[in-house]
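Student: The structure is given below, and queries will be raised subsequently.
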Amino acid sequence: MATSKKDWYVYILECEDGTLYTGVATDVERRFEEHESGMGAKYTRAHKAKKLLYVEKHATRSEAGKREVEIKSWPRGQKLHFLENI
């Protein structure tokens with residue numbers, strides 16, 4: 001039985017109120033559209049996704065999840081510094 005290997009992505013998006021949201025997905029474009037339409041995460045339903053700022057590829061869900069947790073632990077200033085220097 002063959003299994004297809006999907007890449008996972010960590011992404012950061014900006015919401016209409018200027019806040020940042022970090023998530024993981026296998027299809028970032030589809031996921032961003034879900035966030036924009038109000039069908040994404042609870043946070044983006046309340047804060048409306050505006051712009052995709054960053055995408056980072058990972059080989060496994062586990063790797064992407066660990067990176068997501070790392071980025072979410074950063075204070076806003078560190079996230080902004082990171083985004084300015086990529």
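Rundown of residues vs (1) within 11 Å of the chain's Cα centre (by Cα); (2) at pLDDT 95 or above; (3) among the hydrophobic types (A, V, I, L, M, F, W, C), yes/no style:
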site	(1), (2), (3)
Y9	yes, yes, no
E14	yes, yes, no
T19	no, yes, no
E36	no, no, no
A41	yes, no, yes
G77	no, yes, no
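Student: Follow-up. Just checking: which of the helices (runs of 4 or more DSSP H) contained wholly in the chain hold 1 or more residues that are surrounded by 17 or more Cβ atoms within 10 Å (Cβ to Cβ) and of a type in the set (A, V, I, L, M)?
Tutor: 28-37, 61-73
Student: Could we say that V24 is β-branched (V, I, T) and in contact (Cβ under 8 Å) with a residue 60 or more places away in the chain here?
Tutor: Judged against the criteria, V24 is not a match.
Student: Working only within the range 59-84, note down all residues that are among the acidic types (D, E) and either more than 21 Å from D27 (Cα to Cα) or in contact (Cβ under 8 Å) with a residue 60 or more places away in the chain (or both).
Tutor: E84
The values are calculated or read from the model by the stated rules, or taken from the named source; none is laboratory data. Quick caveat, the model's predicted, so the values are computed rather than measured. Every residue, glycine among them, receives a Cβ derived from its backbone with ideal geometry; neighbour counts consider all protein chains shown.
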